[in-house]
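To start, the structure itself, in structure tokens.
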Amino acid sequence: MSRKVAYVTGASRGIGAEAAVALAVAGYDVALTARTLAEGEIHGYLGKDIALPGSLEATAAAVRRSGTEALCLQADILDESSVLASARGALDHFGRVDLLFNNAVYQGPGNQQKVLDVSHEQVNAIYQGNVFSPLALVQAFLPGMLQRGSGTILNMVSH
């Protein structure tokens with residue numbers, strides 16, 4: 001039997017990257033997802049366009065040093081079609097996902113504002129990133145977990 005497979009969102013830095021490496025050390029092959037594929041890419045963060053440290057490529061290198069496989073799948077939690085495409089990519093490549101770690105979080109306008117100042121557009125982004133995209137991944141991977149009679153789903157929203 002091949003190794004178990006973990007799928008980690010927000011795996012380019014922080015808790016997601018650390019969790020991906022820890023899962024690899026524990027023997028999992030890991031599908032890594034985030035917006036940042038390569039170091040230095042510019043993305044929106046807290047309402048500004050900046051390059052944050054970390055990347056899927058860097059996390060993949062750390063995973064591979066543990067002796068397991070890493071698959072980089074670029075996805076944006078505000079774009080559900082990209083999230084579902086990454087799920088299909090993981091399933092096509094590995095054949096299954098045994099552990100889903102929904103770690104990515106929306107980090108943009110509306111999170112740290114007075115409630116009366118939050119716009120409808122900001123609420124939509126918050127719910128898309130923190131509720132709807134994670135739910136889409138649960139719906140993508142749960143049927144296989146139920147069919148196999150095992151699996152783990154971790155949903156975390158931190159910021």
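Annotation: per residue accessible area for the chain equals 52 Å², rounded to a whole number [probe 1.4 Å, protein chains only]. If the segment from Arg3 to Ala26 were pulled out straight at 0.36 nm per residue, it would be longer than the present Cα-Cα gap by 7.3 nm. Given the choices (1) 1.03; (2) 1.15; (3) 1.32, Cα Rg over 2.2 N^0.38 Å derived from the coordinates of this structure is entry (1).
Compared with the alpha-carbon gap, the fully stretched path from Ala61 to Val157 is longer by 32.0 nm at 0.36 nm per residue. The residues packed around Leu78, meaning those with a beta-carbon under 12 Å from its beta-carbon, carry a net charge of -3 if Lys and Arg are +1 and Asp and Glu are -1. Axis angle, to the nearest 10 degrees, between helix 56-65 and the longest C-alpha principal axis of the chain: 30 degrees.
For the pair Lys114 and His43, the difference between a 0.36 nm per residue extended length and the Cα-Cα distance amounts to 23.1 nm.
Going by a ≥ b ≥ c, the root eigenvalues of the Cα gyration tensor, does the stretch 120-159 fall in the rounded group (a/c under 1.5), the prolate group (a/b larger than b/c) or the oblate group? Cα axes put the stretch 120-159 in the oblate bin. Expressed as a whole percent, the accessible surface of the chain that belongs to carbon and sulfur atoms is 56, based on a 1.4 Å probe. Using R0 = 25 Å, the C-beta based FRET efficiency linking His93 and Gln147 works out to 0.85.
Compared with the dominant principal axis of the Cα atoms in the chain, helix 80-94 is inclined by about 10°.
Annotation: Cα Rg of the stretch 41-115 relative to the compact-globule expectation 2.2 N^0.38 Å equals 1.31. What do you get for the angle between helix 14-25 and the principal long axis of the chain? Use alpha-carbon atoms, 0 to 90 degrees, nearest ten. Once rounded, the angle reads 0 degrees.
The values are calculated or read from the model by the stated rules, or taken from the named source; none is laboratory data. Nothing here was measured: the structure is a model prediction, and the numbers come from that model. Backbone-built Cβ (ideal geometry, glycine too); neighbour counts: all protein chains shown. When the accessible area is computed, the model is the full protein with side chains, heavy atoms only, and any ligands, DNA or RNA have been set aside. Shrake-Rupley method; radii C 1.70, N 1.55, O 1.52, S 1.80 Å.
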